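Beneath this line is the structure, given in structure tokens, with notes to follow.
The values are calculated or read from the model by the stated rules, or taken from the named source; none is laboratory data. Since the model is a prediction, treat every value here as computed from it, not as a measurement. Please note: Cβ atoms are built from the backbone with ideal geometry, for glycine as well, and neighbour counts cover all protein chains shown.
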Amino acid sequence: MTNNFGRALAASVGAFALIGVGLSSAAAIDPVTDPNFQATFHIADAATAEPVTGSIGFEQLVVGILDLSDYNITYPIPAGATAGWVFVSPQGSESTPSAWNAKSFQGLTPGGLLLPNVSLTNQVTAGGGTPNGINAVKAAGGNYSIGLAFTKDNGINLIPNSLYFGHIAVTSGTGAWTYTETSGGSTPTPTPSAPGTATQNLAADVTVPAVVDGLLALAAPASTTSTIGGATIVNGKSTSTGTLGNFQVQDGRAASKPGWTLTTSSVGDFVNGATIIGKQNLGLAPKNVGGAPAVLGAPQVAGSATYPSLLAQMAAGTAGSSTLDADLTFVAPAGSPAGTYTSTLTVTLVSQ
């Protein structure tokens, strides 16, 4: 299976410079009454899958687990859903997408969503609630919910009975947070029995869920253009920097787990009218952002870059989602005319 996306690159040259371009169970459980609530998250470290307890850093990478007994159990996609979202919202407003503080898009894959990235720093899209945006939540602090929801009508309306969430307390300024799991009701207090003892035989049936393969997919960044800017003079040459933008490899092949390879399959020369700056002047350094960490390809150095090049690779035996990005550096040769230079970069995903 092959997936790819193209990215437009833009850079401009000034008079002297290029301008341009194991799991944890919470100590307490909060009861909730939202009729759309299905289940709580369980939180695990994205890199080690170790239990997460106590304070969680604002930039710490964590994932949401649906079932403590099996990492491979996915969040089922309800009928009629056109998108999934991890969100931060005021407590009590989980069912109202317009009231969410921040969110991140989750592409839908057959077989359900596996290990969504619930790190606060990954919720990069502003919602509509107050405070608006994850950095505003970080600054204000307070009590919120973090969850997964499925929507329709371009994200405006919630699919009924499709909410998974827990409660968080965010520290103002640092954005560090603690997590409390939730449940749809409280456990009744047992009626005391008369003095004495009783023996009860127990019989429990155990079944093992079938593990099946979903799809391997590549989700491109929301913006179709990556801008390289903030030019400075380095060793007499204009040097600009930027990022490609977050993109996600979604591997739902929970049974076979064959692994995947992601490449920068092509980069075009940068063009401004009749002037061409060769693609070898674009430096590219892959980096992990969230989810299951991939093995990164070697950085390409501006001025001597060679494409195609390896971006990242996942060995056999691992499935789930990986979020990646790449730092970009563009070095303009001495004497390059002023103007805006454009190119196109293509990223290609293949199964191993």
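Pick from 115, 148, 108, 120: which is modelled with pLDDT under 90 and under 21 Å from residue 180 (Cα atoms)?
Exactly one residue qualifies, and that residue is 115.
Only one residue in 298, 332, 338, 292 is among the aliphatic types (A, V, I, L, M) and touching an Asp or Glu at 6+ places or on another chain (Cβ under 9 Å). Which one?
Checking each option against the conditions leaves just 292.
Which one is nearest to residue 56 (Cα to Cα), of the residues in segment 113-132 that are buried (at least 18 other Cβ atoms within 10 Å of the Cβ) and of a type in the set (Gly, Ala, Ser)?
So the first thing to find is which residues in segment 113-132 are buried (at least 18 other Cβ atoms within 10 Å of the Cβ), and the list is 113-123, 127, 129, 131.
With the extra rule that they be of a type in the set (Gly, Ala, Ser), the set shrinks to 119, 127, 129.
Working: 119: 9, 127: 22, 129: 23 Å.
Among those that are buried (at least 18 other Cβ atoms within 10 Å of the Cβ) and of a type in the set (Gly, Ala, Ser), it is 119.
So, in segment 35-52, of the ones that are part of a loop (DSSP other than H, G, I, E, B) and not hydroxyl-bearing (Ser, Thr, Tyr), which residue ends up modelled with the lowest pLDDT?
Ranking the qualifying residues of segment 35-52, first place goes to 49.
From the set of residues in segment 223-276 that are of a type in the set (D, E, K, R) and farther than 26 Å from residue 333 by Cα, which is surrounded by the most Cβ atoms within 10 Å (Cβ to Cβ)? Walk me through how you get there before you give the answer.
Applying the first criterion (of a type in the set (D, E, K, R)) to segment 223-276 yields 237, 251, 253, 257, 269.
Within this subset, residues satisfying the condition of being farther than 26 Å from residue 333 by Cα are 251, 253, 257.
Numbers: 251: 27, 253: 23, 257: 18.
Per the criteria, the residue is 251.
Residue check, residue 231 against (1) in a strand (DSSP E or B); (2) at pLDDT 95 or above, all met but one. Which one?
Among (1) in a strand (DSSP E or B); (2) at pLDDT 95 or above, the lone unmet condition for residue 231 is (2).
Does segment 139-160 hold any residues that are surrounded by fewer than 17 Cβ atoms within 10 Å (Cβ to Cβ), at negative phi and over 21 Å from the mean Cα position of the chain (by Cα), and which are they?
Answer for segment 139-160, where residues must be surrounded by fewer than 17 Cβ atoms within 10 Å (Cβ to Cβ), at negative phi and over 21 Å from the mean Cα position of the chain (by Cα): 139, 140, 143, 157, 160.
Please work out if residue 32 is modelled with pLDDT under 65 and crowded, with 16+ Cβ neighbours inside 10 Å. Talk me through it step by step, then tell me what you get.
Working: modelled with pLDDT under 65: no; crowded, with 16+ Cβ neighbours inside 10 Å: yes.
Against the criterion (modelled with pLDDT under 65 and crowded, with 16+ Cβ neighbours inside 10 Å), residue 32 does not qualify.
Kindly evaluate residue 80 against the criterion of being small (Gly, Ala, Ser), buried (at least 19 other Cβ atoms within 10 Å of the Cβ) and either modelled with pLDDT of 90 or more or not in a loop (DSSP other than H, G, I, E, B) (or both).
The answer is no for residue 80.
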